[in-house]
Ligand code: DX5
Ligand code: ZN
């Protein structure tokens with residue numbers, strides 16, 4: 001499968017949100033990553049339902065919504081309905097989702113991909129029970145909460161291990177997504193570890209020329 005490149009809008013200029021999104025859309029990104037934070041699960045507050053709703057009118061790329069919140073069970077359908085029909089994927093964190101079976105089912109029943117995210121210190125075994133149900137596993141390569149953090153290199157063996165587990169299993173084969181600290185300098189190493197979907201926030205939005213950075217990143221991941 002072609003590897004997908006997904007800018008995280010957390011690092012964009014929010015005063016120019018529409019232009020910032022349309023610029024990466026014109027540069028041909030696959031999805032945009034929308035980080036939702038509640039000040040409880042993570043020590044930061046970011047984007048909520050009204051913003052997702054507002055983005056509908058600008059014709060965004062498919063939205064990959066990453067819920068870093070407590071009780072995501074109560075919000076998945078609200079986010080999907082707010083962004084319909086532009087919501088491609090909703091990802092919940094295994095550490096905060098209490099009713100994983102029903103929450104994954106609720107996401108899928110709306111025709112949206114269901115993802116499960118795991119923090120750096122959470123072992124892969126935490127998702128054993130749901131790996132057959134989800135469309136995507138998101139391996140966090142920083143602690144969730146802020147853009148612009150340093151990539152935790154110890155996550156490379158974890159990604160490789162997950163690649164092996166998925167390749168060796170029968171039936172459902174979820175995509176692997178990575179998120180946190182991915183830039184031009186390390187995107188090759190991440191792609192080589194066997195991921196399918198690569199999120200980059202500050203790596204794209206803090207660069208001088210988004211299109212040039214996206215083209216260069218695309219060139220690297222396509223060559224792996
Ligand atoms: C971190 C977020 C990430 C973040 C990535 O909590 O989940 O999506 O925006 O930003 P960079 O690429 O700057 O680490
Ligand atoms: Zn994220």
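The values are calculated or read from the model by the stated rules, or taken from the named source; none is laboratory data. These numbers were taken from a predicted model, which means no experiment stands behind them. As a convention, Cβ positions derive from the backbone with ideal geometry for all residues, glycine included, and neighbour counts pool all protein chains shown.
The table below gives the values:
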{"quantity": "Boolean, residue 207 is at pLDDT 95 or above, more than 18 Å from residue 3 (Cα to Cα), more than 16 Å from ligand 2 (Cβ to nearest atom) and touching a helix residue (DSSP H, G or I) at 6+ places or on another chain (Cβ under 9 Å)", "calculated": "yes"}
{"quantity": "Subset of segment 28-49 (residues that are farther than 19 Å from residue 177 by Cβ, more than 13 Å from ligand 1 (Cβ to nearest atom) and in contact (Cβ under 8 Å) with a residue 24 or more places away in the chain)", "calculated": "40, 49"}
{"quantity": "Number of the condition not met by residue 166 [criteria: (1) touching a residue at least 40 places away in the same chain (Cβ under 8 Å); (2) surrounded by fewer than 20 Cβ atoms within 10 Å (Cβ to Cβ); (3) not in a loop (DSSP other than H, G, I, E, B)]", "calculated": "(1)"}
{"quantity": "Leading residue by the ranking (farthest from residue 42 (Cα to Cα)) among those in segment 81-101 that are touching a helix residue (DSSP H, G or I) at 6+ places or on another chain (Cβ under 7 Å) and away from ligand 2 (no atom under 16 Å from the Cβ)", "calculated": "86"}
{"quantity": "Some residue of segment 179-186 being assigned to a strand (DSSP E or B), within 25 Å of residue 45 (Cβ to Cβ) and within 16 Å of ligand 2 (Cβ to nearest atom)", "calculated": "yes"}
{"quantity": "Residue among 152, 204, 159 that alone is surrounded by fewer than 18 Cβ atoms within 10 Å (Cβ to Cβ) and not in a strand (DSSP E or B)", "calculated": "152"}
{"quantity": "Residue that is nearest to ligand 2 (Cβ to nearest atom), among those in segment 105-127 that are over 17 Å from residue 68 (Cβ atoms) and within 16 Å of the chain's Cα centre (by Cα)", "calculated": "113"}
{"quantity": "Residue check for residue 147: modelled with pLDDT of 95 or more, within 12 Å of ligand 1 (Cβ to nearest atom) and touching a strand residue (DSSP E or B) at 6+ places or on another chain (Cβ under 7 Å)", "calculated": "yes"}
{"quantity": "Any hit, segment 139-148, residues being more than 16 Å from ligand 2 (Cβ to nearest atom), without any contact (Cβ under 8 Å) to a residue 60 or more places away in the chain and either in contact with a helix residue (DSSP H, G or I) (Cβ under 9 Å, 6 or more places away or on another chain) or assigned to a loop (DSSP other than H, G, I, E, B) (or both)", "calculated": "no"}
{"quantity": "Test: residue in segment 128-140 that is modelled with pLDDT of 95 or more, over 17 Å from the mean Cα position of the chain (by Cα), farther than 27 Å from residue 5 by Cβ and crowded, with 20+ Cβ neighbours inside 10 Å", "calculated": "no"}
